1. VAL122's amide H: which non-local residues (gap 5+, or another chain) put their own amide H closer than 5 Å, with H modeled 1.01 Å from N in plane and none for Pro or chain starts?
2. Collect residues whose amide H, placed 1.01 Å from N in the peptide plane, falls under 5 Å from the amide H of CYS79; neighbours closer than 5 in sequence don't count.
3. By its C-alpha gyration tensor, with a ≥ b ≥ c as the square roots of the eigenvalues, how is the stretch 88-163 shaped: rounded for a/c under 1.5, else prolate for a/b larger than b/c, else oblate?
4. Measure out, as a whole number of angstrom, how far apart the alpha-carbon centroids of the stretch 15-38 and the stretch 116-184 sit.
5. Rounded to the nearest 500, what is the chain's calculated 222 nm mean residue ellipticity when only DSSP H runs of at least 4 contribute -39500 (n - 2.57) each, over all residues?
6. Could you check the spin-label model distance between THR41 and LYS108? Points 7 Å from the Cα along Cα→Cβ, value in nm.
7. What distance in nm lies between label points placed 7 Å from Cα along the C-beta direction at ARG170 and PHE128?
8. Suppose R0 equals 22 Å; then what is the FRET efficiency for ALA115 and GLU91 from their Cβ-Cβ distance, rounded to the nearest 0.05?
Amino acid sequence: MSSSFSTKPFKLRINSGMLRGRFVHFNGTEIRPTKSTVRKTLFNWLRPGIQGAVCLDCFSGSGILAFEAISEGAASVTCMDKSPSAIRGIEDNKKRMGVAGIDVKVHKFPKPLSADHQFDLVFLDPPFDHEHIVVYLDWLLDSGCLKKGGFIYIEQPKPLQQAEVPQPLRLFKSARTAGVCFSLLQLEDGHE
């Protein structure tokens, strides 16, 4: 999502993996894509375990995180966004690049998520100017769709402290760059 709005077309370069150097095209309307430097750090964190991972990309926007995940060897990514035009854009990029393993659907928060599918990794990058990140984390945990030991990636404008993280999640890694704080949370294995 975005805090600055534009309607001109943009493109983002995929940083690594089998799609490295390819571009994801999107219209900038209400989209705040994850910065290249943030994606590099994130996928360095994820690389040891992303091969074959089943992923969910909530608030997909441009879909860049989904394409990076597939490029790095994830088995599949389900992309969700409230915007039909964002979903169409992801579909167009998927077809243009001949990428398999990405499914898309329109889904608007706070509609409940289904626990029919279990995910190893969830990208959770909601709008910065709306609810506190904990509201989205609770929404995700309540769905029961994250596997035990699974990870949640979040972006927000201020650092996340362990005391703010709802149980049974733990703050696994975090970093900050200009205007963005990002973290990787893990669902404790003992959670029922």
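Values quoted throughout were computed directly from the atomic coordinates according to the rules given, and no laboratory measurement underlies them. Keep in mind that this is a model prediction, so the values were computed, not measured. Positions of Cβ are generated from backbone atoms using ideal geometry, with glycine treated the same way; all protein chains shown enter the neighbour counts.
1. Under 5 Å from the amide H of VAL122: LEU56, PHE151, ILE152, TYR153.
2. ASP57, ASP103, VAL104, LYS105
3. Prolate, since a/c reaches 1.5 and a/b exceeds b/c.
4. Measuring centre to centre over Cα atoms gives 20 Å.
5. On the way: 4 runs with 44 residues, N = 192.
Taken over the chain, the calculation gives -7000 deg cm²/dmol.
6. With each label placed 7 Å out from Cα toward Cβ, I get 3.4 nm.
7. 3.0 nm
8. Values: r = 25 Å, r/R0 = 1.15.
E(calc), rounded to 0.05, equals 0.30.
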